[in-house]
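The values are calculated or read from the model by the stated rules, or taken from the named source; none is laboratory data. Predicted model only: the values in this text are computed from it and were never measured. So basically every Cβ, Gly included, is an ideal-geometry build from the backbone, and we count neighbours across all protein chains shown.
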2 protein chains.
Amino acid sequence: MALDFDNLVFKSPPWLNCKAPDSDVVLSCRVRLARNLRDTPFPNRAANTVLQQIFRQVETAYSSVDFLENALFLDMGDLSNTEHQILAERHVISPEFVMKKIPTGLVLDETDRLSLMVNEEDHLRIQALESGFRLEELWDRAEQIDRQLGSVLEYAFSEELGFLTACPTNTGTGLRVSFFVHLPALAMMERLDSVLRNKPPSGLSVRGFYGEGSDVVGHLYQISNQFTLGWTEWRILEDIEETAVEIIEQERAARQELLEEDRIHLENRVFRSIGILERAKIMSSYEFIEHFSTLKLGILTGLLPKIDHQTLNDLLVQTQPEHIQKIAGRGMKPLERDIFRMEFIRSRLNF
Amino acid sequence: MALDFDNLVFKSPPWLNCKAPDSDVVLSCRVRLARNLRDTPFPNRAANTVLQQIFRQVETAYSSVDFLENALFLDMGDLSNTEHQILAERHVISPEFVMKKIPTGLVLDETDRLSLMVNEEDHLRIQALESGFRLEELWDRAEQIDRQLGSVLEYAFSEELGFLTACPTNTGTGLRVSFFVHLPALAMMERLDSVLRNKPPSGLSVRGFYGEGSDVVGHLYQISNQFTLGWTEWRILEDIEETAVEIIEQERAARQELLEEDRIHLENRVFRSIGILERAKIMSSYEFIEHFSTLKLGILTGLLPKIDHQTLNDLLVQTQPEHIQKIAGRGMKPLERDIFRMEFIRSRLNF
C-alpha cells in the first residue's frame, strides 16, 4: 500500500487540530521512545545486511500490534526526496530521517498519529503525536505499542542503565516527551526567559519550530524533557505535564493582560501582519510562520473574527516548500515558490 | 515680526518641492558659509556681552543685504523649545542651534530659503537652501549675501588660511556644499558603496537624514564636501556637482534596472509599505521615513499613481515629533503621538 501524497498535502495534519484541548497554547504533544535490538550494532555502525534484517523483522511484527493493525509499512527507499520532505514537513518523520543512505522503513497508522521509524538514529523510534495537550492518552498508546513490540522483538536493555541507545542522551527510558507551544504574548511581554527558567528535575530542553539547533520562529517552541536517565517514565511525564500547565496559564494571563492593558500594541502587531499579507507579492515559508503566529494570536484574542482558525493552522504546513510545490502541481524555483505561496495564502484567508 | 508656527507646520518646506529639477533623486541642496568676526572670541569662548554685541551688529546689518530686505530677525531666546524644534525639523536651523544657552539669533528670508544663524558654532552661518539640484543659483545667493555682509562686518580672515572658524574642519573657505539625495534603488541593489567610493579631490562626506553622526534611514543621504581648506570655492562646487551628476545617473539607471529586471521585488517592497500604512495602529517618525522612501520610489517608478507626490514629501517633515504635535494642536506622549501620526498619514494619502 502506498501513501497518496497528492491528497495528503491538502489534509490537516493531526497535530494541528485547532479544536483540541488547550490548543490555544499547546499546538501538539508528542511521546517518543527510542529502542534498539539486542546484540545488534546501532544503525550508524551496522552493515546494510543487518539493517535490512531489522527492516524485515519490523515489517513482520508491526501488524500484530494494537493501534497498528491497519498501519502502512513504507520502504523509505521507494519514496522520492520530495515525498521524504513532505513527511518531514508534516512532522511524521524527523529531518534526520530524510533520504538516509541505509535501509529505512516507516510504519504509519491510518490517522498519521502513530509511527515507527526503522533505522533512524536507533533501530526503532516509536512516536505518538496528538493535537493539543493530551499527554496521558499518548503515553498509553506509545507504551502499549512499545510493550507489544518488545514481546516480539528483543530490545537492548541493561539492568543498570535501562534501554540502550545510539546516543547516550537517550539511554535509560529512551523517552522524549515534548509539547509544541505557541507563546506570542509571553514573548511580546519579554517574560519568556523567566517562565522557562523554572526547570523540573528531569530538565527542560527548548527548541525552535524546525527542531534541534533551529532558531525560534513565530514564537513556536518545542519543549521537552532533557534527561532520559535517572527518572522513571512517570516522573518525566509528570514533570513535563506540570511545566506545560504552568506555561499555559502564564501565556493565557499574558494574553489577557495584553488585551486589557496594551490593546493598541497588540492590534498594531496583528493588523500590520494583515496589511502585509494583503499586499505583499513574495513570501518565504519562514516569514509566513511569523505571520501565522501573529494571526493566531489575533484570532485567539478575538481581533480577527473573519479568519478561520483551522485554515490558518493548515497553512503552517501547506506553505512549507515541498507542500507548496505539491499543491501547485509543479516544481518551482525559490522565487516562483515565494510568489505562488503568497497568492495561495491570500486565496485561503479572509481578512 | 514673528513667525506663525501654527501655519508654518502645514506649509511645504521649500527644500521638498517635488517638481524641482532632478528632484527624482536630489531632494535638495544647500550651501553653507561659516564666518566669524575679527578679533572676537568664537561663540564657545566668548562672554555673553560679546555675543550680545554680535547679535546686535547682525540685527542692524542684515536688512541692507540683497535677498534679505524682507527677512525676519528672530531672537532665538524668545522662542519656545517647541518652536526651536520645529525650525530644526524644517532644516532651517541645525540641531546644535536648538536651545543654546547663549544669545542666538536667526535671520530668515520670507521664502525660508535663506538664513543666517547668529552665534551657532561660528558667529555667522550663512545658509542657502533649495529643492532639487540647483547649486549655482544657491551659490550666487550665498556668495552675494556673504560679500555684502562682509562689507559691513569685518570677518576674521588670514591670508594664509582663509576664513577662520571655531572648528578647524571649516577653516579656509568655510564652505559646505551638500545635497540631500534619495538612493533607494542603489541601496536595494547593494551598489551604494561602489558609487560612493568615487570621491572627488575635495573629499566626500556622507551622513544620514538627521545630520552628523546619525544613522542612515530611508535611503536618504546628505552628501557634502569633506575639505574646506586647500581648494577654491569653485573647485569644491565643481567637484560636488560632478559627484551629484554621477550619483543621479547611477540611481536612475538602478531604478530602471529594477523595473525591468526585478519588478516583482520592487512591487513586493512598495506594496508591503502600503499594506502596513493601511493597517498599522502605531508609527514612529523614524519608521515613517522608511515608508516615505519606499513610497517615493513607488511613485517615481509609476507603481503608485494614486499617491500625490507633494503630499508625501510634506509628510516627511509633518510627521516629525514637534510638527505632529503642532498639527494635533496639543502636546502628546510618545505613544499617543505615534497613534495620531498613523491616523494623520492615512488621512493624507490615497493608496
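Assorted remarks:
- Scanning the range B:303-322 turns up one or more residues that are within 21 Å of the chain's Cα centre (by Cα), more than 30 Å from B:Arg252 (Cα to Cα), away from chain A (no Cβ under 13 Å) and surrounded by 14 or more Cβ atoms within 10 Å (Cβ to Cβ).
- B:Lys11 being within 23 Å of B:Arg330 (Cα to Cα) and of a type in the set (D, E, K, R): yes
- Residue selected from the range A:277-302 under the condition of a type in the set (Lys, Arg) and buried (at least 20 other Cβ atoms within 10 Å of the Cβ), by the criterion farthest from B:Arg272 (Cα to Cα): A:Lys296
- Failed condition for B:Trp234, given (1) within 26 Å of B:Phe67 (Cα to Cα); (2) touching a residue at least 12 places away in the same chain (Cβ under 8 Å): (2)
- Residue pairs whose Cβ atoms lie under 6 Å apart, separated by 6 or more positions or on different chains, with the first residue in the range A:299-320 and closer than 22 Å to A:Ile264 by Cα and the second part of a loop (DSSP other than H, G, I, E, B), are A:Ile299/A:Ile307; A:Leu300/A:Asp24; A:Lys306/A:Asn350; A:Ile307/A:Leu349.
- Filter result for B:Leu258 (touching a Ser or Thr at 6+ places or on another chain (Cβ under 8 Å), away from chain A (no Cβ under 11 Å) and either at positive phi or crowded, with 20+ Cβ neighbours inside 10 Å (or both)): yes
- Residue match in the range B:101-108 (condition: within 25 Å of B:Gly208 (Cα to Cα) and of a type in the set (Lys, Arg)): no
- Filter result for A:Glu120 (of a type outside the set (Val, Ile, Thr), in the same structural domain as A:Ser63 (by TED's automatic domain parsing) and not in a loop (DSSP other than H, G, I, E, B)): no
- Residue count, the range A:323-335 (criterion: within 14 Å of chain B (Cβ to nearest Cβ) and surrounded by 15 or more Cβ atoms within 10 Å (Cβ to Cβ)): 1
- B:Lys296 being more than 23 Å from the chain's Cα centre (by Cα) and among the basic types (Lys, Arg): no
- When residues of the range A:188-219 are limited to those that are in contact (Cβ under 8 Å) with a residue 40 or more places away in the chain and touching a Pro at 6+ places or on another chain (Cβ under 9 Å), the one surrounded by the most Cβ atoms within 10 Å (Cβ to Cβ): A:His219
- Any pair with Cβ under 9 angstrom, 6 or more apart, that starts in the range A:270-293 at a residue that is within 9 Å of another protein chain (Cβ to nearest Cβ) and ends at one that is crowded, with 23+ Cβ neighbours inside 10 Å and among the basic types (Lys, Arg): A:Ile282/A:Arg341; A:Met283/A:Arg341
- Of all residues in the range B:339-351, those satisfying the criterion of being within 14 Å of chain A (Cβ to nearest Cβ) and assigned to a helix (DSSP H, G or I) are B:Ile339, B:Phe340, B:Arg341, B:Met342, B:Glu343, B:Ile345, B:Arg346.
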